[in-house]
Amino acid sequence: MVKGSSVKKVVVKKHAKVAAKASPKKGATPDKKVEKMLEAGIDSKVEYAYENDSKDAGSKKKGKSEKIAIDKPKPKVVGEGHLVSVDYVGTLKSGEEFDNSKNHGPIQFIVGGGQVIPGFDKAVRAMKIGDKKKFTIPKAEAYGDVNPELVQLVPLDKIPEHIRSQLKVGGFLVMQSPVGQQVPVKVIKLDSTSVSLDMNHPLAGQDLTFNIKLVDINNAPEHGGCACGDDCSDGSCGDNCGHDHK
């Protein structure tokens, strides 16, 4: 949550990749979740931004480096707790490609760390550097079913005035949760008094097929946290670290 009067503009791409899905806190109803996110956005002066394909959106801050544990031999086979780098192409049942690591480089994540969707985490286990694999992840191990309760009707007066003119059906907004997590929502209906926002993940309800290649295996970073090597709670490490910055 951004404090003071600073403005933070957040950007997401239309198709989120294999990062772990966000989960509401226990006991939080969907309508309360939307309300709290709107409050966080307004109170924190966080702009809602339409998604784009900005080339520098996934860039890392200069000077950051991964602190790999060097007292252990480099793993030969992927197992629990290893830091892996994976090239991938993701497609839907229709054959439509929804993402490709060529756009931003291999994804890095710690196996078993909850940083990617469960089906992707399971698929890389026991692989060796250079191995290739094609597999389909059922929706239950990806982003789950579409939840109708995550479609919320929000009064327009709850949306910052300078954003209302940008609203359009089919467009995406990005809201920031009270804990600082960036959440994309889709505008599915709009009239003179309210807007319907769909908080379901863009790939919810879909089985996902991946072609992957294991690029590298290492021991987990010494700090045991995000695969990017340093504190990246501000999201500055970009898409390729694989962490959802909860």
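Points worth noting:
- Meets criteria (hydrophobic (A, V, I, L, M, F, W, C) and buried (at least 20 other Cβ atoms within 10 Å of the Cβ)) for Leu83: yes
- Boolean, Val77 is in a strand (DSSP E or B), aliphatic (A, V, I, L, M) and at pLDDT 95 or above: no
- Check on Val174, without any contact (Cβ under 8 Å) to a residue 60 or more places away in the chain, in a strand (DSSP E or B) and surrounded by 15 or more Cβ atoms within 10 Å (Cβ to Cβ): no
- Residue pairs whose Cβ atoms lie under 9 Å apart, separated by 6 or more positions or on different chains, with the first residue in segment 96-112 and farther than 14 Å from Val86 by Cβ and the second β-branched (Val, Ile, Thr), are Glu97/Val89; Glu97/Thr91; Phe98/Thr91.
- If you go through segment 123-151 and pick out every residue that is part of a helix (DSSP H, G or I) and surrounded by 14 or more Cβ atoms within 10 Å (Cβ to Cβ), you end up with 5.
- Scanning segment 177-219 for residues that are more than 26 Å from Ala140 (Cα to Cα) and not in a loop (DSSP other than H, G, I, E, B) gives Lys189, Leu190, Ser194, Val195, Val215, Asp216, Ile217, Asn218.
- Test for Pro73: is it within 14 Å of Ala20 (Cβ to Cβ) and either touching a Pro at 6+ places or on another chain (Cβ under 9 Å) or surrounded by fewer than 17 Cβ atoms within 10 Å (Cβ to Cβ) (or both): no
- Selection count, segment 152-163, where residues are exposed (fewer than 13 other Cβ atoms within 10 Å of the Cβ) and part of a helix (DSSP H, G or I): 3
The values are calculated or read from the model by the stated rules, or taken from the named source; none is laboratory data. Nothing here was measured: the structure is a model prediction, and the numbers come from that model. Glycine gets a Cβ as well: all are built from the backbone with ideal geometry, and neighbour counts include every protein chain shown.
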